[in-house]
Structure formats: C-alpha cells, structure tokens
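Visitor: Sharing a structure, written as structure tokens. Questions coming.
The values are calculated or read from the model by the stated rules, or taken from the named source; none is laboratory data. The structure displayed is predicted, hence computed values, not measured ones. No Cβ is skipped: glycine too gets one built from the backbone with ideal geometry, and neighbour counts run over all protein chains shown. The protein model used for the area step is the full one, side chains on, heavy atoms only, and it has no ligands, DNA or RNA in it. Shrake-Rupley method; radii C 1.70, N 1.55, O 1.52, S 1.80 Å.
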Amino acid sequence: MTPADLAEAVVSAIRAAVDAGDLAVTPPDSVVIERPKNRDHGDYATNAALQLAKPAGRPPRDVAEAIAAHLRTSTSIAAVEVAGPGFLNITLSDAAQGELARLIVAAGSAYGTSDTLSKEKVNLEFVSANPTGPIHLGHTRWAALGDALGRILTAAGADVTREYYLNDAGVQVDRFAESLRAAALGHEAPEDGYVGDYVTAIADRIVAAHPDITTMAEPDALAIFRREGMELMLAEIRKSLAEFGVEFDVYFSEQAMRDKGELDAALASLRAHGHVFEQDGAVWLRTTDFGDDKDRVVRKSDGEWTYFAGDCAYYLDKRERGFDRLIYMLGADHHGYVGRLKAVCASFGDDPDKNVEVLIGQLVNLLKDGEPFRMSKRAGTIIWMTDLVDLLGVDAARYALSRYSTDSPIDIDLDLWAKQTSDNPVFYVQYAHARISSLLRNAVELGITRGDDYDPSLLAEPQEGELLGALGEFPRVVTSAAELREPHRVARYLESLAGTYHRFYDACRVLPMGDEPATDTTRARLWLVEATRVVLANGLGLLGVSAPERM
RNA sequence: GCCCCCGUAGCUCAGUUGGAUAGAGCGAGUGCCUUCUAAGCACGAGGUCGCAGGUUCGAGUCCUGCCGGGGGCACCA
C-alpha cells in the first residue's frame, strides 16, 4: 500500500463516516498523509480530523474517532489510533506494507513518475551564458540544477522544453570580436574587452584558418572574428555542457529573432496594450505600472535596441510557441530582473503570477583547506565549468551543486567532495547502489532468483518496514520537488534512503550463509533490495548522476 | 535610501508548503567484520530555531519592526 493508496483509504473512510451519519462534513478530495519522524506515531499519520473539526463543528478527537472506526475495517490497516490533538496514527499490516516492493520492481524506471503536472507546457530557460566566454562556476550551478529540474518536471508529467538564450547580438559580441583581433595582433585587450587564455586560443585558431586576417582591413577582420569566434565559443560551450550531461532542446538565437523583426513586432504589441511612451528621444515601457522599480528603455535615443527589448520579444516568442509557464533561472546578481520580467508579462496582458516564474540562485564559492580556492596557473580568478569537472568529476560536481536550496549560497569544499569516503554525500548514495548491485551479482552466482512473486508479510523486521516506508516516499518527493522547483529535495531524500538501506543491510542478512538453502525470506528480501536499487537509480538519474554497479 | 536572499547543534545544512518531543552529516568518544562491498552500522553529548511583537487550537515555518551577513538597484549586456 502506497501513501497515495492510504490517502484514498482515509478519504473513503471519511465518506463512509458521512454516509453512516457519524460525521456531517463535505468529504475532502484528498488528505495529507505524513510519515511521522517518531515511529510511536505509526507508519503514517494524518491530520485530516484536525482539518475537518471546524467544518464539522466538533472537537478534533471526536472527528478522528469517527474516521478511525471506518478506517479500521480495511484489511491493509493493522491499527489506527487517535493521538495528540486529533491525529490519526495508522499502522499498516506487514503484508500491505511489503506489497510495495513488487509495485516498485514492476514499475522499474517509471517508479516515481506521475501525471501531476501533465497540463503544464513549461519553457525552462537556464545557463544562457553569453557566447563570449566559457561556462563559469555560477552558470554551472544552473546547468546542474536546471537540468535536474528539467528531468524532475518531466518525471512529474510536465511537457518541458529546455532552452538556452543565445545572446549573439549586440555590444558584447562586438567587444568579443575586438578582443580576439587584439589578441591576434598581440595588442592589449580593448577597454571592457575579454581577456584570458581562451581568448588567445580562439584567436589563434581563427588566424590559423585565415592567415591573412592580421593584415586585413579592420571591419573585414572584425566580421570574421565575430562570426567564427562566436561559433567556436558556442561549440566549446556545447561541448562542455554535453560532457556535464546537459542537453538543450533549443538554442535560441537573439540575432535570428532580430532578423525576423520580432523586436518591432513586440514593441508594436506593447504599444497596442498601451504601456509604451516616448521620452528624451527614447522609447520606454511603463513597467512601473506593474510594480517594477523604474520604467525601462526599449529603444535608445540613438535608435538601438536595448537588451531589455530582446527580453520583451523573447517573452512574446515563447508565449506564441504555446508555453504557458516560463521558468527563468537567474543568478543572484540578476535578481533585479524579476520585477521587469514580471512587468513584461503583465504588459502583454498575461498573468505574472502564473506565466512567469523566476528562480534566483545564490552564489557559489569553492573552498580548499578552508580558504577561497583560486586556479593557481592562471592570472584570472574565474573558475570554469571544466575546471570544476577536472577537480571533482561530473558526478560529484553535479551532486554538490544540486543538493542545496537555490536560496542558499554554497561553499563547495573541494577536499570533501573529492573524497572517496562516506563523508562525501554523493559517494554515500552511490555506494548504496554499488553495494546492492554487488549483492545482486552474488545472488546470481549462487543461482538464487527472486522468482515471480514473494510473500510480502515476510518483510516484517523493523528495518524492512523503515526501508519500505522510505521507498514509498519517493513519488511524493519527486512531485514536491517538481512543484516547488526544488531539486535538492531529491538529493536529500536519496541520502536518507541510502542510510535506511545501510541500516537494513546491517540488520537483515539477505543471501544465505554457507550451505544454507535460500528461503522465502531470502526471496522476499531480494525483491526489497531490487526495489531499493530501482529507487536509488531513478533518483540519481533525476539528478544526472550515475548509479554505479561497482565502486 | 530602496529591493531580493539568508540567519536552526562547535562546523556544513535539512526541516514534508502551519502540526506531536526541531533533524541529518561532519568533528570529537565507545563498540561491531573467519561469509552479501567496514566507502558500512550501532550507542550518546551538543539548541533561547538572530531579537521583539502579532495572527490561532498550534509558528523554525505566515505578518510587522529591528539587528547581522550576502547580493542588486544603467538610454550596460
């Protein structure tokens, strides 16, 4: 019996109580089922009676008793107690609890997926780093988190498009081209230009392909540096993202959007909605109508579009492609954008509370020996995604960036995350999976199979109950992580599950010792172990972290 | 000055969207391997949930103010 099944059973019991005249309320569609921290409070607890006390006009404990009487008729439920202010503490029968392993094994990689968000067409935009440099540490947090969130939303049934906004038009790209040319000529980088090993590396490649470029007229040279520099940079970005396990469905080119006249179209639409005005020779959007700090310029007095104009057009483009939920993942240094993005949404006549969601991620620092870490070989202090992967590997890097709330700034202790010990959370979780895989291999060698079925009531040890209960939580963890846009919940859950498994493993021998024969308990436990493996693998998969069979 | 985020055990952080006695891990202590991976497990100490009010049956969680830390407030991108 899953928590969801139990919730339905409680709702049914409430309906039965109402039908029997024991309770005068409108039965709720669903109730909250909790897994209590304290096992004295049963396998599961619900506060349904506390919620219904007011509409029923009766003390919570009375309501609880009325529900409990009807709940006790279920054969899956071993005990129901009314406790505290009116909680219902429910203990499942061993058989009902043990059934879960079968359900999980049968579902396999689908266990944890649901159709909770099936009505949502989500556009998930993340990373969107300018193609003027490699992916740095801050972007890397979003690469890990955005990709994980995409997987989690998909698991929850949402129709997700992962998108990278390519800022390939405008001043930054011009500066990049100028910086490349300066590097090629051995000149100093221009003011506000780009510096670093990667700039000279790309410049060298372009010079190699166009030996005459250093003697070419400046405009002609810049055009080549601009076009090819961006291509090479983007290729490098895509390569490092791919190595990190991150794939986008759409790389959305700002330049292409401009070429299609979408900026003019967006401005016309905003004008039609009545939020555009002219002042000091510039064209403005009156975002203060919708709570922004100040109005924003769309087109400068010199006729150039602002970056913000792109935001407006891009928003409209996404909406016209049918997305009703636009999720933007931004760094803390961009949190000032929230107001204007919401205002853009409202200016087009949409609902900023529904159509636009902005997730703000706090900053990431690396620590080594308790001190801020710097790349020693380089003058620059910027740390790239590839540096982090070199230091920790993809699994540890992704996991380290995914296990914390986006609200909290994170200090990644390189010593800790590079460790091959249980101090390192990702190893702790992966080790549980490897340990299970090893056990299952041993079972095969001993010629023991779990068979087509097992007796679920044999999974009656306390550690088995704990493990089953933990496995049963997984679908709810996934849906809550999806609904709250909080991938770290999956990581924390996996750590807890790994611990629960290790305790089970310590307490319950699975395979027979010596010449002993395999028993029904052996087979029942093999189902439970395989179910655990499935959940660990599915959960790690949601984070884009591998589930190794050997370590 | 205004806006956003944070403040929970010595350290790093969770806290099931308002529930029962606030939890893990690390650090430090003591045990547990002649058989499934000891990269593991078991046993304890450690707290005014920044402070002060408020909302209610009930607040770490919601509201207000204050203190402290981080980040941000362009006709830049």
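Visitor: How big is the gap, in Å, between the Cα center of segment A:94-128 and the Cα center of segment A:21-80?
Guide: Here the two parts' Cα centres lie 26 Å apart.
Visitor: Among A:493-503, A:436-446, A:325-335, what's the highest-first ranking by average C-beta atoms within 10 angstrom per residue?
Guide: Ranked by mean Cβ neighbours within 10 Å, highest first: A:493-503, A:325-335, A:436-446.
Visitor: At 0.36 nm per residue, and after removing the present C-alpha to C-alpha distance, how many nm does the segment from A:GLU461 to A:ARG374 gain when stretched out fully?
Guide: This chain segment gains 26.3 nm when fully extended.
Visitor: Would you kindly derive the ³J(HN,Hα) couplings of segment A:475-491 from the backbone phi angles with the Karplus curve 6.51 cos²θ - 1.76 cosθ + 1.60 (θ = phi - 60°), listing them in order in whole Hz, with x for Gly and Pro?
Guide: x, 6, 5, 5, 5, 5, 4, 5, 5, 8, 6, 10, x, 4, 4, 5, 4
Visitor: Then there is this: Could you tell me what % of all Cα pairs in chain A have separations over 30 Å?
Guide: Summing the P(r) tail past 30 Å for chain A gives 62 percent.
Visitor: Can you give the net charge of the other residues whose Cβ lies under 15 Å from the Cβ of A:PHE290, counting K and R as +1 and D and E as -1?
Guide: -2
Visitor: Rounded to whole Å, give me the distance from the Cα center of segment A:189-261 to that of segment A:531-551.
Guide: After rounding, the separation between the Cα centres reads 38 Å.
Visitor: Using amide H atoms built in the peptide plane, which far-off residues or other-chain residues are under 5 Å from A:ARG325 H to H?
Guide: The answer is A:LYS121, A:ASN123.
Visitor: Once the cut-off is 20 Å, how many percent of the Cα-Cα pairs in segment A:171-240 end up in the long-distance tail?
Guide: 17 percent
Visitor: So what's the back-of-envelope 222 nm ellipticity for chain A, counting only DSSP H runs of four-plus at -39500 (n - 2.57) apiece and dividing by all residues, rounded to 500?
Guide: After summing the helix terms and dividing by residue count, I get -16500 deg cm²/dmol.
Visitor: Carbon-plus-sulfur fraction of the accessible area of segment A:421-543, 1.4 Å probe, in percent?
Guide: C and S fraction of accessible area: 47 percent.
Visitor: What are the ³J(HN,Hα) couplings of segment A:231-241, residue after residue, when phi is run through the Karplus curve with 6.51, -1.76, 1.60 and θ = phi - 60°? Round to Hz, x for glycine and proline.
Guide: Per residue, the Karplus-derived 3J(HN,Hα) values read 4, 5, 5, 5, 4, 5, 4, 5, 5, 5, 5 Hz.
Visitor: Quickly rank A:172-183, A:14-25 as a protection proxy: mean count of other C-beta atoms within 10 Å, highest first.
Guide: A:172-183, A:14-25
Visitor: Follow-up. Assuming R0 = 45 Å, can you tell me the calculated FRET efficiency for the pair A:ARG503 and A:ALA4, based on Cβ-Cβ distance, to the nearest 0.05?
Guide: E(calc), rounded to 0.05, equals 0.95.
Visitor: Residues with amide H under 5 Å of A:VAL358's amide H, sequence separation 5 or more or different chain, H placed in the peptide plane at 1.01 Å from N; which?
Guide: Here the answer is A:TYR328, since their amide H atoms fall under 5 Å of that of A:VAL358.
Visitor: Ok, one more. Limiting things to C-alpha atoms, what are the Rg and the maximum Cα-Cα separation (Dmax) for segment A:3-92, in angstroms?
Guide: Rg then Dmax for segment A:3-92, in Å: 11.6, 34.
Visitor: Give me the number: length gained by fully extending A:HIS210 to A:ASP407, i.e. 0.36 nm times residue separation minus the C-alpha to C-alpha distance, one decimal in nm.
Guide: Gain on extension, A:HIS210 to A:ASP407, equals 66.2 nm.
Visitor: Set the Förster distance to 41 Å, then compute FRET efficiency between A:GLU34 and A:ASP259 from the Cβ-Cβ distance, nearest 0.05.
Guide: 0.15
Visitor: Would you tally the net charge around A:GLN362, using a Cβ to Cβ cut-off of less than 12 Å, leaving A:GLN362 out, and scoring K and R as +1, D and E as -1?
Guide: -2
Visitor: Residues with amide H under 5 Å of A:ILE135's amide H, sequence separation 5 or more or different chain, H placed in the peptide plane at 1.01 Å from N; which?
Guide: A:MET385
Visitor: Please compute the net charge surrounding A:LEU511, taking Lys and Arg as +1 and Asp and Glu as -1 over other residues with Cβ under 12 Å from its Cβ.
Guide: Residues near A:LEU511 contribute +3 overall.
Visitor: Give the value in nm², to one decimal: projected area of the alpha carbon convex hull of segment A:421-543, averaged over all directions.
Guide: Answer in nm², one decimal: 8.0.
Visitor: Related question: Using label points projected 7 Å from each Cα along Cα→Cβ, tell me how many nm separate A:ARG227 and A:LYS294, to one decimal.
Guide: Label-label distance for A:ARG227 and A:LYS294, simple model: 3.9 nm.
Visitor: Place the peptides A:290-298, A:136-144 in order of packing, highest mean first, counting for every residue the other Cβ atoms within 10 Å and averaging per peptide.
Guide: Highest mean packing first, the order is A:136-144, A:290-298.
Visitor: To continue, here is another question. Here are some pairs, A:LYS121/A:LYS354; A:LYS121/A:LYS239; A:LYS318/A:LYS342; A:LYS294/A:LYS342; A:LYS368/A:LYS419; A:LYS294/A:LYS318; which of them have Cα atoms lying more than 18 Å apart in this structure?
Guide: Over 18 Å apart, Cα to Cα: A:LYS121/A:LYS239; A:LYS294/A:LYS318.
Visitor: For the residue pair A:SER12 and A:ASP415, what label-to-label distance in nm results when each label sits 7 Å from Cα along the Cα-to-beta-carbon direction?
Guide: Output for this residue pair reads 5.7 nm.
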